[in-house]
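The values are calculated or read from the model by the stated rules, or taken from the named source; none is laboratory data. Worth saying up front: this structure is predicted, and the values here are computed from it rather than measured. Ideal geometry is used to build each Cβ from the backbone, glycine not excepted, and the neighbour counts take in all protein chains shown.
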Amino acid sequence: MGMEPLIETVDTFIVDIPLRRPHVMSFGAPDEVNFVLVRVRARGGIVGWGEAATFQGPTWSEESAETIQVVIDRYLAPLLKGRNALLYNPLMEELEHRFRGNHFAKAAVEMALMDVAGRYLGQPLHVLLGGAFRMKLDLSWSLASGSVETDIAEARDMMARGHRIFKIKMGAGPAEKDVAKLALLRRELGPEVGLRADVNQGWDRRSALRALRELEESRPDFLEQPLPKWDLAGLADLRHKSAIPLMADESLSDAHSALEIVRAGAADIISYKLTKLGGLARSLAVYRLADGAGLGAYIGCMIETSLGTAAYLHFGAVLPRLEYGCELFGPLLLKGDIATKAVAFADGQVLVPEGPGLGIEVDEAEVERYRRR
């Protein structure tokens, strides 16, 4: 095995990759995803990569590709030089104490460190994390083209390829239209398909309560983040009146907010995103807390490339329970990728990579192609 993998350089790249179609959400309709890629070179020529994905600046959260890059370059990277990448947990804890927030930036760095560690040890990340419960995750496809006719055609096309779970985005227009759209999808796609709805904080308490009654008729698997992230009391009230399980996404940002959600009884299910929680180790800590409180698990996405998707897949592999599957469709929705070989999809599932570290080889020519000038 030789010398320990001391970190020599940490480089960042902003990469902009267009989407195959716009992705309409309550806060906007991005037609590209803005990534920060982190490349860590360690002694012995080992290279690890990490990634954070954002949409059109600080829209989904307070971080943007530009802030993530500057935080890593100026503050996080200098503390990593000369350190042992195998000590990724102590290193990340040190960064956590030194610098506030900036979870996306920290998650991208942790991902690269774990990739180095896995490559040094010659093992996939799921092995480093204690072993996989599953090597395939059920995939939910988001219907968010902005046109219900397009959504129905897209869903039928995906069903022909084995997909059975669809999530629709709500909250961009009137709640009544959203409710009617879900009812139409249920009629058109049939009773066997799993339907979910994500409002991305787009409603207030009154519209949510009104919509809830009618949404129940379409039998969605869950309703995700109907209210603003701060309104846990409203979510708890809604949850007690709802036959549909409620999922918290934006309301969850760390272990403290997870504890508040549990205490308030504000959700039935948690949506895990590695970047919003500050990385894999922190996501696992939140999972243990929420799972212990009886909350279900789902893995969200920020439309990652195969690289970021792989990290999420290793996380999903090592969870004892993952009742609601994942939405790790990023590589299918992006026009380009930065991997020499993309993450594999088959029969409505996405497969966990098998190679060392994240199990993804980054194509630096593609990074260069999409790199922001």
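Descriptive notes on the structure:
- Test result for ALA297, assigned by TED's automatic domain parsing to the domain that holds LYS136, in a strand (DSSP E or B) and hydrophobic (A, V, I, L, M, F, W, C): yes
- Tally, over the stretch 228-266, of residues that are polar (S, T, N, Q), in a loop (DSSP other than H, G, I, E, B) and under 19 Å from the mean Cα position of the chain (by Cα): 2
- Selected residue (only one of TYR312, TYR324 is part of a loop (DSSP other than H, G, I, E, B), touching a strand residue (DSSP E or B) at 6+ places or on another chain (Cβ under 7 Å), modelled with pLDDT of 95 or more and crowded, with 21+ Cβ neighbours inside 10 Å): TYR324
- The residue of the stretch 340-358 that is farthest from MET114 (Cα to Cα), among those that are under 18 Å from the mean Cα position of the chain (by Cα) and surrounded by 21 or more Cβ atoms within 10 Å (Cβ to Cβ), is VAL350.
Table: residues versus (1) free of Cβ contacts under 8 Å to residues at least 12 places away in the same chain; (2) farther than 18 Å from ILE338 by Cα; (3) not assigned by TED's automatic domain parsing to the domain that holds ASP337.
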residue	(1), (2), (3)
VAL24	no, yes, yes
PRO30	no, yes, yes
LEU37	no, no, yes
VAL40	no, no, yes
VAL47	no, no, yes
PRO58	yes, yes, yes
SER64	no, yes, yes
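- In the stretch 150-181, the residues that are outside any helix (DSSP H, G or I) and either more than 16 Å from ARG196 (Cα to Cα) or of a type outside the set (D, E, K, R) (or both): ARG161, GLY162, HIS163, ILE165, PHE166, ILE168, MET170, GLY171, ALA172, GLY173, PRO174
- Verdict on ALA197 being closer than 30 Å to LEU351 by Cβ and surrounded by 14 or more Cβ atoms within 10 Å (Cβ to Cβ): yes
- If you go through the stretch 38-79 and keep only what is closer than 19 Å to GLU368 by Cα and among the charged types (D, E, K, R), you end up with ARG39, ARG41, GLU51, GLU66, ASP73.
- Residue check, LEU277 in the same structural domain as ALA233 (by TED's automatic domain parsing) and either touching a His at 6+ places or on another chain (Cβ under 7 Å) or modelled with pLDDT under 95 (or both): yes
- Selection within the stretch 63-112 - outside any helix (DSSP H, G or I), touching a Ser or Thr at 6+ places or on another chain (Cβ under 8 Å) and not hydroxyl-bearing (Ser, Thr, Tyr): GLU63, LYS81, ASN102
- For the residues ASP115, ASP138, the requirement of being touching a Gly at 6+ places or on another chain (Cβ under 8 Å) and not in a helix (DSSP H, G or I) singles out ASP138.
Matching residues to (1) of a type outside the set (Asp, Glu); (2) in contact (Cβ under 8 Å) with a residue 12 or more places away in the chain; (3) within 25 Å of SER306 (Cα to Cα):
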residue	(1), (2), (3)
VAL70	yes, no, yes
ASP73	no, yes, yes
PRO78	yes, no, no
PRO90	yes, no, no
GLU94	no, yes, no
PHE99	yes, yes, no
HIS103	yes, yes, yes
GLU110	no, yes, yes
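- Single residue of the stretch 240-259 satisfying the filter (surrounded by fewer than 19 Cβ atoms within 10 Å (Cβ to Cβ) and charged (D, E, K, R)) that is farthest from ARG219 (Cα to Cα): ASP254
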